[in-house]
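To keep things clear, I will list the structure first and then write my remarks on it.
The values are calculated or read from the model by the stated rules, or taken from the named source; none is laboratory data. The structure displayed is predicted, hence computed values, not measured ones. Methodologically, a virtual Cβ is constructed for each residue, glycine included, from the backbone with ideal geometry; neighbour enumeration extends over all protein chains shown. What goes into the accessible areas is simple: the full protein's heavy atoms, side chains included, and nothing from ligands, DNA or RNA. Shrake-Rupley method; radii C 1.70, N 1.55, O 1.52, S 1.80 Å.
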Amino acid sequence: MLKKFFSFYKPHKRLFIIDFSSAVFVAILELAFPVAVQWFIDDLLPTGDWNMIVTISILLLFIYILSTFLNYVVSYLGHKLGINIETDMRQQLFSHVQRQSFRFFDNTKTGHIMSRITNDLFDIGELAHHGPEDVFIAIMTLIGAFAIMYNINPELALIAIVMVPFLAIVATYGNIMMNKAWKNMFGKIAEVNARVEDSVSGVRVVQSFTNENFEIARFKEDNGQFRTAKLVAYKVMAGTHSSIYMLTRLVTLVVLVVGSWFTFKGTLSNGELVSFILYVNVLIKPVDKITALLELYPKGMAGFKRFSDLMEQEPEIKDHLDAINVPHLNGDITFEDVSFRYDEHKSVLEDINLSIKAGETVAFVGPSGAGKTTICSLIPRFYDVIEGAITIDGLNIQDVTTRSLRDQIGIVQQDIFLFTGTIRENIAYGKLDASEEDILDAARKAHLEDFITSLPEGYDTQIGERGLKLSGGQKQRLAIARMFLKNPPILILDEATSALDTETERIIQRSLMELAENRTTLIIAHRLATIRNADRVLVVTEDGIVEDGTYSELVLQDGIFARLHNIQFQEV
Ligand code: ADP
Ligand code: MG
C-alpha cells in the first residue's frame, strides 16, 4: 500500500527533491544555530574584536535570509507537492468513476463518491505533503540535537530529553481532543447549512404558513450549538498550546537552574548554557510534528485505501481487445434468446427474441415493471445480457466498441437531465463539436426557435439549475434538439412524453415523429394515442413479449392490448 502511495510522488520527483533538500538544509541550519551562539559567547566575545563581531553578525544575517528563503520554499513547495498529488488522484478518480457502468451507480451512493473525492483526498493530500519529509526531518533534528547536547554535557542533555516523552503525551492527547472537537464542529456547521438550505428552498411553504418565527427560532438553536462546538474546539486548542508552552518553559527553567550550578562548578561555559536553552526549543518542533503525524498517517492511509479500492473496481462493461469500430449502422436490431437480471434474486427478461428492421418504428406497451426500459438499456450495452445475444446489423454488440455503438443510439426519457448552463450549451451537448449553424438548425427542427428568439438573451439564456426555468414541454424540445444534433440511426423514446399534459404531449409528439423519421425507433408509451403511427406494437409483460403485431391487428385480437385500448378509449 505504501509503495502504491509513493508511486504518486513519481511525476513530481523534481519538486519532492527540491522541497526535501531545502527542508534538510533548514534543519541543519536550525541545529547549527545554538552552536554558533555558543561559539559567539565563549570564543568571540572575550577577544573584544569589534570588527570581527560585526563581520560575523553580517554573516549571520545572510544565513538568516537564506534560511528564511528556504523556509518559504519548504512551506510553499511542500504544499504544492501535496496539492499536486491530491489533484492527480482526484482527476484519476473522476475519470475512473466516469467510466464505470450503470450497475456501479445502481449500487453506489452519490454521497459515497463525493466523500471519496473531497474528504478522503483532503486527508491524503495532507499526508502526502507532511508524510515522508516530516518524519525524516523530525527524527534527524531530534537525534542531531540530542547528540550535540550530549556531547556538551551528558547530564544536562538527559534532563532536557526527559521532557520529550511528556511533550509527546501532551501533544498527542491535545491532537486527539482537537480532532474530536473539530469533527463535532463540522457536524454542527453541516446542520446549520442544511437548515439554511431547507428554509431557503422551502421559503414559499414557510411564508404561506407564516412560520418565519418558528424557522428563526429553530435556526437560533442550531446556530447556538455550532457556537458552542466551535468554542470547545478553540478551548482545547488553547489548552494544548499552553500546556506545551508551560512544559517547555518548565524544562527551560530546570535547565537554567541545573546549568547554572554546573557553571559555578566550572563544568559548563556560559555559551554552552545559552546553547542548551536554545536546544530545548529546537526539540519542540519535531515532537509536535511526529505526534501530528501519528494522527495524520492512519487517517490518510485509510483514505488512500478507500481510494485504491474504488480505483481497482474495473468497469463492468468494457471493449474487448479486438472490438471493432462501426461508424455507420443501419439499425437492424435482433435479440436472440436474451436473458437478463439485475441481481441473482429475480429474473427480469427470459429468452427474449425480437427482430426490428432498420427504419422501423416499434412501440412497447405493457404494465410498469415488465421490463420495457430494461430491454432498451441492453441495446446501448448499459448492462450486458446474461444469456443470448443482441445484434445490430448482424454484429454482436459486444464485438463493437461501446463508443461507436452508443454514438449511434439516441435516448429521450421522461426525466430530461439538463446541465446548468445556457440553452446553446445544452443543445450542443448532443454533439460537442457542433457548429453554430448545426445548433440553430437543430433548434429549428425541434420547433424551439420561436421560443428561444423570444427570450431577451436568446441562445445564451441560462436555464437555471437543471433547467429549472423551463417548462416540461420546453425541456423535452431541448432534448429533441439535442437528438437532431446527434442524429443517431437508432432512437429510443422511453415514455418521453408521459410527464406532460395531453395537449403538450400532442404537440411534442409531432416533433418526435419528425425526429423518428428514417431511424429505427423504439417507443415506450403509456398513452396509446402516442403510438398509433408505429409500424408494430409489442406487448411486454412479466412473461416476456406476449403480443406482436400492428396496432389495428392487436386491437382486433382479444388480448392485453385490446383490453388496454378499451380502457383508454372507450371508458372515457
Ligand atoms: P418498465 O420499464 O417496463 O416499467 P423496467 O425495465 O424499468 O420496467 O423494470 C423491470 C424490472 O427490473 C422491475 O422489476 C424493476 O424493479 C427492476 N429494475 C429496473 N431497474 C433496475 C436496476 N437498476 N436495478 C435493479 N432492478 C431494476
Ligand atoms: Mg420504464
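Annotation: of all residues in the range 321-350 being among the acidic types (Asp, Glu) and within 16 Å of ligand 1 (Cβ to nearest atom), the one that is farthest from the chain's Cα centre (by Cα) is 350.
Scanning the range 225-242 for residues that are open to solvent by less than 30 Å² (accessible area, probe 1.4 Å) and free of Cβ contacts under 8 Å to residues at least 60 places away in the same chain yields a total of 2.
Residue by residue, here is whether (1) without any contact (Cβ under 8 Å) to a residue 60 or more places away in the chain; (2) open to solvent by 60 Å² or more (accessible area, probe 1.4 Å); (3) away from ligand 2 (no atom under 16 Å from the Cβ) holds:
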site	(1), (2), (3)
484	yes, no, yes
509	yes, no, yes
512	no, no, yes
531	no, no, no
536	no, no, yes
558	yes, yes, yes
563	yes, yes, yes
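Selection over the range 74-90 of residues that are within 13 Å of residue 310 (Cα to Cα) and open to solvent by 40 Å² or more (accessible area, probe 1.4 Å) gives a count of 1. Taken as a whole, the structure leaves residue 258 outside the set of residues that are open to solvent by less than 30 Å² (accessible area, probe 1.4 Å), touching a residue at least 12 places away in the same chain (Cβ under 8 Å) and of a type outside the set (Lys, Arg). Here residue 285 fits the description: within 40 Å of the chain's Cα centre (by Cα), surrounded by fewer than 19 Cβ atoms within 10 Å (Cβ to Cβ), at pLDDT below 90 and not assigned by the TED database to the domain that holds residue 116. For beta carbons closer than 8 Å, sequence separation of 6+ or different chains, a first residue in the range 102-122 that is assigned by the TED database to the domain that holds residue 304 and a second that is away from ligand 2 (no atom under 16 Å from the Cβ) and open to solvent by 90 Å² or more (accessible area, probe 1.4 Å), the qualifying pairs are 116/306; 117/94; 120/306. Tell me, yes or no, whether the range 436-454 has at least one residue that is surrounded by 17 or more Cβ atoms within 10 Å (Cβ to Cβ) and within 23 Å of residue 324 (Cβ to Cβ). Checking the range 436-454: not a single residue is surrounded by 17 or more Cβ atoms within 10 Å (Cβ to Cβ) and within 23 Å of residue 324 (Cβ to Cβ).
Say whether the condition of being among the small types (Gly, Ala, Ser) and surrounded by 19 or more Cβ atoms within 10 Å (Cβ to Cβ) is met by at least one residue in the range 379-392. No: the range 379-392 contains no residue that is among the small types (Gly, Ala, Ser) and surrounded by 19 or more Cβ atoms within 10 Å (Cβ to Cβ). Every condition in (1) open to solvent by 20 Å² or more (accessible area, probe 1.4 Å); (2) under 25 Å from the mean Cα position of the chain (by Cα) holds for residue 307 except the one numbered (1).
Just one of the listed residues (274, 280) is open to solvent by less than 50 Å² (accessible area, probe 1.4 Å) and out of contact with any strand residue (DSSP E or B) (no Cβ under 9 Å at 6 or more places or on another chain), and it is 280.
Does residue 554 fit the bill of being under 40 Å from the mean Cα position of the chain (by Cα), assigned by the TED database to the domain that holds residue 372, more than 16 Å from ligand 2 (Cβ to nearest atom) and in a helix (DSSP H, G or I)? Considered against the rule, which asks whether it is under 40 Å from the mean Cα position of the chain (by Cα), assigned by the TED database to the domain that holds residue 372, more than 16 Å from ligand 2 (Cβ to nearest atom) and in a helix (DSSP H, G or I), residue 554 comes out as no. Confirm whether residue 14 is in a helix (DSSP H, G or I), surrounded by 13 or more Cβ atoms within 10 Å (Cβ to Cβ) and within 40 Å of the chain's Cα centre (by Cα). Criteria not met by residue 14.
Considering only the range 29-43, I want to know if a residue exists there that is touching a residue at least 40 places away in the same chain (Cβ under 8 Å), polar (S, T, N, Q), buried (at least 16 other Cβ atoms within 10 Å of the Cβ) and in contact with a Gly (Cβ under 7 Å, 6 or more places away or on another chain).
We begin by selecting, within the range 29-43, every residue touching a residue at least 40 places away in the same chain (Cβ under 8 Å); these are 29-31, 33-35, 37-43.
Subsequent filtering for residues that are polar (S, T, N, Q) retains 38.
Filter again for buried (at least 16 other Cβ atoms within 10 Å of the Cβ), leaving 38.
Remaining after also requiring in contact with a Gly (Cβ under 7 Å, 6 or more places away or on another chain): 38.
There is at least one residue in the range 29-43 that is touching a residue at least 40 places away in the same chain (Cβ under 8 Å), polar (S, T, N, Q), buried (at least 16 other Cβ atoms within 10 Å of the Cβ) and in contact with a Gly (Cβ under 7 Å, 6 or more places away or on another chain).
For the range 351-374, the candidate set comprises residues that are out of contact with any strand residue (DSSP E or B) (no Cβ under 7 Å at 6 or more places or on another chain) and within 9 Å of ligand 1 (Cβ to nearest atom); within that set, the residue that is least open to solvent (accessible area, probe 1.4 Å) is 369. Listed by position, the strands (runs of 3 or more DSSP E) contained in the range 311-414 that have at least 1 residues being within 16 Å of ligand 2 (Cβ to nearest atom) are 333-340, 349-356, 361-365, 409-413.
Consider the range 102-117 and keep the residues that are farther than 19 Å from residue 305 by Cα and charged (D, E, K, R). The one that is nearest to ligand 1 (Cβ to nearest atom) is 106. Per the listing 186, 209, 166, the residue uniquely open to solvent by 60 Å² or more (accessible area, probe 1.4 Å), within 30 Å of residue 34 (Cβ to Cβ) and either assigned by the TED database to the domain that holds residue 220 or at pLDDT below 90 (or both) is 166.
Beta carbons closer than 7 Å, at least 6 apart along the sequence or on distinct chains, pair a first residue in the range 363-392 that is closer than 28 Å to residue 561 by Cα with a second that is within 13 Å of ligand 1 (Cβ to nearest atom) and of a type in the set (D, E, K, R) for 364/372; 366/372; 370/542; 373/494; 376/494. Has the range 33-44 got any residue that is farther than 26 Å from residue 276 by Cα and modelled with pLDDT of 90 or more? No, every residue in the range 33-44 fails to be farther than 26 Å from residue 276 by Cα and modelled with pLDDT of 90 or more.
Here residue 338 clears all of (1) modelled with pLDDT of 95 or more; (2) under 19 Å from residue 103 (Cβ atoms); (3) out of contact with any helix residue (DSSP H, G or I) (no Cβ under 9 Å at 6 or more places or on another chain) except the condition numbered (3). Would you check if residue 545 is in a helix (DSSP H, G or I) and either within 47 Å of the chain's Cα centre (by Cα) or modelled with pLDDT of 85 or more (or both)? Taking the combined requirement at face value, the residue does not satisfy it.
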